[in-house]
Amino acid sequence: MGTSVLPSLMKLFLDTANVSEIRTAADWGILDGVTTNPSLVAKEGRDFTEVLREISTIVNGPISAEVVSTTSPEMVAEGRKLAKIHKNIYVKIPMITEGLKATKALSSEGIRVNMTLVFSSLQALLAAKVGAAFVSPFIGRLDDIGQTGMEIIEEIKTIYDNYSFKTEILVASVRHPIHVKEAAMIGADICTVPFNVMEKLPHHSLTDVGLERFLKDWAKLSKKA
Ligand code: E4P
């Protein structure tokens, strides 16, 4: 039986192509990387390469950039180009058979691949077999169609531990803080979250009430002095 290697800490990535959101989360000291996808990049309406270069000046960690072609040779060519933009670029390849071929080719060249649009643990098994560095199961989109997305994270974790696969589990399509907590409880390597979820993570109403009370009591003391 393989020996499972525990991740030292669940990494938190921001799921956005918006540099101002990335800057804000990076300032909080909790940002380990960034994931983008064609929809997120299109939303910003900016040149893709320029956005990736700017992100790489803010975050010193993996930055996922997705290919938009659908045949293996084209994906490989696109992936090589993306990987040249910065040393931290991870090429996102969709989980289709052409994507498996492209992932195998790119990984054998030392280009790190994030296999995306993963919706089952069997797809994740294949991603690991072709040498993907990250696998991105889309939890929220499974929840949206009435399946419990987090169940596949548990399955993938078991499968990867069974065979000591090195592919890291990147929990994607996160919709709320409970997804983040569950990902950490399962022992996922990475959780990528939209900014609106990231900003909810540090907050608790009792923290705010408690701080207000401490400061009020402290103010009374300084009035007495
Ligand atoms: C990340 O890598 C994915 O592209 C992203 O999490 C998808 O999230 P969505 O389902 O909210 O679009």
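The values are calculated or read from the model by the stated rules, or taken from the named source; none is laboratory data. No experiment lies behind these values; they were computed from the predicted model shown. Quick reminder, even Gly has a Cβ in these numbers, built from the backbone with ideal geometry, and neighbours come from all protein chains shown.
Given the residues Phe214, Phe195, which is the only one that is out of contact with any helix residue (DSSP H, G or I) (no Cβ under 8 Å at 6 or more places or on another chain) and either of a type in the set (Ser, Thr, Tyr) or at negative phi (or both)?
Phe214
May I ask you to say which residue of Ala133, Ala105 is surrounded by 19 or more Cβ atoms within 10 Å (Cβ to Cβ) and in contact (Cβ under 8 Å) with a residue 40 or more places away in the chain?
It is Ala133.
Report, ordered by the first and then the second residue, all pairs with beta carbons closer than 9 Å, sequence separation of six or more or different chains, a first member in segment 36-60 that is more than 20 Å from Ala25 (Cα to Cα) and outside any helix (DSSP H, G or I), and a second member that is more than 16 Å from the ligand (Cβ to nearest atom) and not hydrophobic (A, V, I, L, M, F, W, C).
Arg46/Glu54
Hey, among Leu14, Leu31, which residue is at pLDDT 95 or above and either outside any loop (DSSP other than H, G, I, E, B) or not aliphatic (A, V, I, L, M) (or both)?
Leu14
For segment 61-76, which residues satisfy the criterion of being acidic (Asp, Glu) and either in a helix (DSSP H, G or I) or modelled with pLDDT under 95 (or both)?
Within segment 61-76, Glu74 is the sole residue that qualifies.
Anything in segment 159-182 that is away from the ligand (no atom under 12 Å from the Cβ) and under 21 Å from Asp144 (Cα atoms)? List them, or say none.
Once the filter is applied, which keeps residues that are away from the ligand (no atom under 12 Å from the Cβ) and under 21 Å from Asp144 (Cα atoms), segment 159-182 yields Ile169, Pro177, Ile178, Val180, Lys181, Glu182.
Being assigned to a helix (DSSP H, G or I) and in contact with a helix residue (DSSP H, G or I) (Cβ under 8 Å, 6 or more places away or on another chain) is the filter here; which residues of segment 159-183 pass it?
Ile159, Tyr160, Tyr163, Pro177, His179, Val180, Glu182, Ala183
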